[in-house]
Structures are given as C-alpha cells and as structure tokens.
Amino acid sequence: MRLSKIKLAGFKSFVDPTTIPFPSNRVCVVGPNGCGKSNVIDAVRWVMGESSAKNLRGGAMTDVIFNGSGGRKPVEQATVELWFEEVTIPPYQENGELAIKRLLTRDGDSQYFINNERCRRKDITDLFLGTGLGPRSYAIVEQGMISRFIEAKPDELRVFLEEAAGISKYKERRKETEQR
Ligand code: ATP
Ligand code: MG
C-alpha cells in the first residue's frame, strides 16, 4: 500500500486546490524556508485524525484554515484528501483504491470521509491502526522525535512497539469490548 497523492484546498498556505503527486516510493519535498514543506506533513497528520492543534503548530484547530496573506482573503474551509494505491486494507483492497478526506469549517465542524462517504473519525483511525501510519505513529518522524524515543519511559516506548508489532488494533478492540 502506498500514498499516491495528496489533495489540499484551503489548508494552511495551500489556499488554491493543489494536488501533490507521489509518483514513486522515494519523494523529496524541497523549497525555501516558509514555503509550506512542513504544512504538507501537517496535512497528512490532520487528515488521519490529529485532534491537537499544538501538534499541528497552531493555537486552535481552525488555525489550519487558510487565514489570508498578501492580497488573498481568508477562506471558510479546509480540506485534505489522501489517496492510496495498492491498498491492502480489507475491504478496500478489492478495487485497490482508498481515499480518505477531512473537511473543517470555520464554525469548527469537522467531517471525515472514506471514498467520499461520510464516516466517523474513529473509522479512519481504526483503518490505519497497526499500519504504522496514523496521526502520532512512527511513520512520521519529525524534529525532536528521536530524542523523545531515547528519553521515553518504558510505557511510552511500549506504545510504539505495539504499533510496530501490529497488536495495537487488537488492544484497542479489547478495550472497546470491555467498555461495553
Ligand atoms: P522551513 O524550511 O522553515 O521548515 P517550511 O517549508 O516547512 O519551512 P511551513 O512551516 O510548512 O514551511 O510553512 C509556513 C508557512 O505557512 C508560513 O508562511 C505561514 O504563514 C503559512 N501558514 C501556516 N498556516 C497558515 C494559515 N492558516 N493560513 C495561511 N498561511 C499559513
Ligand atoms: Mg519546516
């Protein structure tokens, strides 16, 4: 399974609808300071369900919506869509395509979609549990994360190990069953 493209509109500095293709397994994003490289990674984390504005380098969640610059007025909503190909997650492996989308409006209404069908945030987080990809998973290694790994307490380290071993989704399901 691989990420094939990201579509953004109204998200941080990406005010106009923008498609970023990922044509191969190794892609570099380069550009001058402040051009929006880290915003691309924030977009990935956001669409996977990140609920902490601080982790997206903002004060409030609506800070991810383009808030104007130069001659451009702020916009009313932000959307990010991730497209995957060679999908291995059932039942989406059947036609091989999976697109997940999140939309946020200025009044704080957050909506999630799988293949354009409305779903819950949990449906998206469940989808990627155990794959290593997720809003806070190890697939995204950001600045300072290596030292956080090194300094992590055993309990915190265990969360990463369980995700890497693919057992976090079973733990999550057990927790849900126990709560019922
Ligand atoms: P560096 O090389 O310094 O790490 P970068 O390419 O990673 O830079 P980003 O941090 O992705 O840059 O982008 C920062 C830019 O995004 C800033 O110019 C900032 O004004 C803009 N930006 C962030 N949030 C918004 C928003 N809500 N509306 C408009 N612009 C935004
Ligand atoms: Mg950056």
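The values are calculated or read from the model by the stated rules, or taken from the named source; none is laboratory data. Fair warning: this is a prediction, and the values are worked out from it, not measured in the lab. In this analysis, Cβ positions are derived from the backbone assuming ideal geometry, glycine residues included, and neighbour counts consider all displayed protein chains.
For GLY96, are the conditions met, namely being in contact with a strand residue (DSSP E or B) (Cβ under 9 Å, 6 or more places away or on another chain), at positive phi and of a type outside the set (A, V, I, L, M, F, W, C)? In short, yes.
The set of residues in region 62-80 being within 8 Å of ligand 1 (Cβ to nearest atom) and over 13 Å from ALA9 (Cβ atoms) consists of ASP63, ASN67, GLY68, SER69, PRO74. Looking only at region 47-55, decide whether some residue is surrounded by fewer than 11 Cβ atoms within 10 Å (Cβ to Cβ), at pLDDT below 90 and either over 21 Å from CYS119 (Cβ atoms) or within 16 Å of ligand 2 (Cβ to nearest atom) (or both). Yes - at least one qualifying residue is present in region 47-55.
Only residues that are within 15 Å of the chain's Cα centre (by Cα), of a type in the set (Phe, Trp, Tyr) and under 16 Å from LYS169 (Cβ atoms) were counted in region 88-140, giving 2.
The residues of region 139-173 that are under 21 Å from ASP123 (Cα atoms) and of a type in the set (Asp, Glu), listed by number, are GLU162, GLU163, GLU172. So which residues in region 1-41 are closer than 20 Å to THR125 by Cβ, within 16 Å of ligand 1 (Cβ to nearest atom) and in contact with a Leu (Cβ under 7 Å, 6 or more places away or on another chain), if there are any at all? Across region 1-41, the qualifying residue is only ILE6.
Restricting the first member to region 130-144 and to residues that are under 13 Å from PHE160 (Cβ atoms), and the second to residues that are at pLDDT 80 or above and not in a loop (DSSP other than H, G, I, E, B), the beta-carbon pairs closer than 6 Å and six or more apart or on different chains are GLY130/SER168; GLY130/LYS169; GLY134/PHE128; SER137/GLU163; TYR138/PHE160. Within region 42-60, restricting attention to residues that are over 8 Å from the mean Cα position of the chain (by Cα) and in a helix (DSSP H, G or I), the residue that is nearest to ligand 1 (Cβ to nearest atom) is LEU56.
Scanning region 112-166 for residues that are on the phi > 0 side of the Ramachandran plot and assigned to a helix (DSSP H, G or I) yields a total of 0. In the set (1) at pLDDT 95 or above; (2) more than 16 Å from ligand 2 (Cβ to nearest atom); (3) outside any strand (DSSP E or B), THR19 fails one condition alone, (3). Annotation note: of GLY31, GLY68, the sole residue that is more than 25 Å from ASN116 (Cα to Cα), at pLDDT 95 or above and away from ligand 2 (no atom under 14 Å from the Cβ) is GLY68.
Yes or no: region 89-105 includes at least one residue that is in a loop (DSSP other than H, G, I, E, B), charged (D, E, K, R) and loosely packed, with under 15 Cβ neighbours inside 10 Å. Yes, region 89-105 contains a residue that is in a loop (DSSP other than H, G, I, E, B), charged (D, E, K, R) and loosely packed, with under 15 Cβ neighbours inside 10 Å.
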